[in-house]
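S.K.: Quick one: structure below, then a few questions.
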Amino acid sequence: MSFKVRPCRDLDEFGRAVFAIGQYFGMEPTEERMERFSKNLPIERMHAASENGTIIGGAGAFPFRLTVPGGVVSTAGVTVVGTFPTHRRRGVLKAMMRAQLDDVHARGEPLALLWASEDTIYGRYGYGMASQCADVKIPREHAAFAKPLEREGTLRIVDAEEALRLFPRVWDAVRRRTPGMLARTRNWWELRILFEPPGGGGEGGPKRFVVLERCGRPEGYAVYRHKPKWDEGVADSELQIVEAVALDGRPTAEIWRYLLDIDWAARITASLLPVDHPLWWLLAAPRTMRPRIGDGVWVRLVDVGAALSARGYAADGAVVFDITDDFCPWNSGRWRLARGRAKRTAAAAQLRLDVSALGCAYLGGFTFSELVRGGRVDELRRGAAARADAMFASERAPWCPEIF
Ligand SMILES: CC(C)(COP(=O)(O)OP(=O)(O)OC[C@H]1O[C@@H](n2cnc3c(N)ncnc32)[C@H](O)[C@@H]1OP(=O)(O)O)[C@@H](O)C(=O)NCCC(=O)NCCS
C-alpha cells in the first residue's frame with residue numbers, strides 16, 4: 001500500500017478529498033461550495049487518502065443525532081465516499097473505511113449510518129440495510145382521496161427566512177418519534193434544505209416553501225419544485241416534492257391535499273417516503289402511485305454494547321446474540337440483551353448473526369424472523385427470533401427523508 005489515510009487539515013485538502021466523489025457527479029469543488037459544505041461536515045471529519053502528496057480518495061462523516069426506537073443516538077453519517085477512477089480497486093476504500101470506523105469508535109459514536117450508492121459495497125464493513133423507502137409518481141387524475149377531506153387550517157407560501165423559523169418546529173416534533181430521522185442544525189436547514197444556488201432550480205424549477213398552520217401553530221410544511229410545461233396545449237409538468245413533513249393525522253392529509261391539487265401539474269413525484277406512509281390509506285387508488293421500493297439507510301453498530309443499550313425496547317425479555325464482526329473485532333462474541341442493557345456473557349447463544357444483520361434490525365425496519373428466513377440470522381434456540389422481534393418492534397417504519 002503506497003498511500004496513506006488521515007483526516008483533512010484545511011479547506012484545500014477538504015475540497016480535493018470531496019472531489020474524489022464530486023468528479024463522478026460532475027461537481028466542481030469551488031471554494032465557495034466547499035466553504036458551505038464544511039459548515040455541516042467539519043474538516044477533520046473528512047478523511048483523505050493520498051499518494052505522493054496527491055489526494056486519491058475521500059470519505060466523510062457528519063456528526064449526527066439519530067432518532068432510534070425509544071431514543072436518540074450520536075451517529076456518524078457517512079458521506080462523500082469516493083476513490084478516483086485512476087486508483088480504483090487497490091484497497092483505497094478499505095483503508096478509508098478502516099480509518100473512519102476507528103475514528104468513529106474513538107469518538108464514542110455507537111452507530112454509523114449511510115446511503116449506499118450500490119448495495120454490494122458496504123456489507124463487508126458491517127453495514128446492513130436498515131430501512132426501505134418508496135419513490136412514487138402520482139398522476140394528477142388519480143390524486144383523489146378515499147374519503148372526503150373537509151379543509152382545515154391555513155396554508156401560506158413563505159420565503160426561506162420564514163421557513164427557517166417555522167419548519168424546524170414541525171421537523172422536530174415528527175423527528176422525535178420517527179426512527180431514522182436526524183436532528184438538523186440551523187446550518188443544515190439554511191445551507192442544504194432551504195438553499196438554492198443563484199439561478200438554481202434548473203429543470204425542476206425553483207424551490208417553493210409552504211407551511212400549514214392551525215391555531216397559529218405550524219403543523220406541516222413542504223418544499224417542492226414546479227416548472228410548468230405544456231404539450232400541445234395540455235399541462236404536462238411534474239411537481240417534485242422535495243420534502244413534505246407534517247404531524248400525524250389531519251395535518252398530513254392537509255399538506256398532501258394541497259400538493260396534489262396544485263394546478264398545471266400532470267404528475268406529482270416524491271421520493272424516499274417511508275414504506276408505511278399514510279398516502280397508502282389517504283389515496284383512493286394507491287396502486288396508481290406505482291411505488292418503487294428500494295433500500296433506505298444502512299446502519300452499522302460501531303459499538304454493539306453501547307448501541308444496543310442506547311435504544312428502547314417494546315417488550316420485556318432477554319436474548320443472547322452471538323455476533324461476528326470481522327472488520328471491528330471488538331464487537332465479536334456473545335452479548336446478552338435484557339432490561340434495555342447489553343452485556344457480554346458466557347451464556348449459550350440464541351441467535352447467531354453477523355453485525356451487519358444486527359444493523360438491519362436495529363431501527364425496527366426488519367425483523368429477526370425475516371432475517372432468519374433470508375439466511376442472514378441463525379436461530380439456535382427456538383422462539384428466540386420471535387422474542388427478539390417483540391423487543392425490537394417499532395411503532396413506525398424507519399424514515400430518513402433525505403440522502404446526505
Ligand atoms: C465504490 C468505490 C468507493 C470503491 O473504491 P475502491 O478504492 O476501488 O475500493 P477497494 O479497492 O478498497 O475495494 C474494497 C472492497 O470493495 C469491493 N468493491 C469496490 N467497489 C465495489 C463496487 N462498486 N461494488 C461492489 N464491491 C466493490 C472490492 O472488490 C473490495 O472487496 P474485498 O475487500 O472483499 O476484496 C469507488 O469505486 C468509487 O469511488 N465509486 C464511485 C463513487 C461511489 O460509488 N462511492 C460510494 C458512495 S456511497
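No lab work stands behind these numbers, since they all come straight from the coordinates. This one's a predicted model, so the numbers in the text were calculated from it and none came from an experiment. Cβ atoms come from the backbone with ideal geometry, glycine included; neighbour counts cover every protein chain shown.
S.K.: Within 10 Å, count the other beta carbons around each residue, average over each peptide in 12-22, 205-215, and list them highest first. Intermediate results must be reported in sequence, preceding the final value.
M.R.: Working: 12-22: 22.2, 205-215: 17.8.
Packing order, densest peptide first, comes out as 12-22, 205-215.
S.K.: Spin-label point model (7 Å from Cα, Cβ direction): what's the Glu152 to Glu232 distance in nm?
M.R.: That separation, rounded to one decimal, is 4.5 nm.
S.K.: Between the alpha-carbon centers of segment 89-124 and segment 193-265, tell me the distance in whole angstrom.
M.R.: One Cα centre to the other: 35 Å.
S.K.: PRE reach from Glu162 (point 7 Å along Cα→Cβ): which of segment 176-191 fall under 20 Å by backbone N?
M.R.: Once the point is set 7 Å along Cα→Cβ of Glu162, 189-191 turn out to lie under 20 Å by backbone N, inside segment 176-191.
S.K.: Do any of Lys4/Lys207; Lys147/Lys207; Lys39/Lys137; Lys4/Lys343; Lys94/Lys207 go past 32 Å between their Cα atoms, and which?
M.R.: On the way: Lys4/Lys207 41 Å; Lys147/Lys207 30 Å; Lys39/Lys137 34 Å; Lys4/Lys343 36 Å; Lys94/Lys207 38 Å.
Checking Cα-Cα distances, Lys4/Lys207; Lys39/Lys137; Lys4/Lys343; Lys94/Lys207 exceed 32 Å.
S.K.: Based on DSSP H assignment, which helices of the chain show an axial Cα extent of at least 27 Å together with a mean Kyte-Doolittle hydropathy greater than or equal to -1.0?
M.R.: On the way: long enough: none.
Span-like helices here: none at all.
S.K.: Using alpha carbon centroids, what distance separates segment 145-192 and segment 266-332, in Å?
M.R.: Computed from Cα coordinates, the inter-centre distance equals 22 Å.
S.K.: Once all Cα-Cα distances of the chain are split into 20 Å bins that start at 0, what whole-number percent is in each one?
M.R.: The percentages, shortest bin first, are 25, 53, 21, 0.
S.K.: Summing -39500 (n - 2.57) over the DSSP H runs of n ≥ 4 in the chain and dividing by its residue number, what mean residue ellipticity at 222 nm do you reach, to the nearest 500 deg cm²/dmol?
M.R.: On the way: 10 runs with 100 residues, N = 404.
For the chain, the value works out to -7500 deg cm²/dmol.
S.K.: Continuing with this model, one more query. Sort 348-359, 330-341 by the packing proxy (mean of other Cβ within 10 Å over each peptide's residues), most packed first. Working shown, then result.
M.R.: On the way: 348-359: 22.2, 330-341: 15.9.
Highest mean packing first, the order is 348-359, 330-341.
S.K.: Of the peptides 387-400, 216-229, 134-147, how do they stack up when ordered by the mean number of other Cβ atoms within 10 Å, highest first? Don't skip to the end; give the middle numbers.
M.R.: Working: 387-400: 20.8, 216-229: 19.3, 134-147: 16.0.
The most tightly packed comes first, giving 387-400, 216-229, 134-147.
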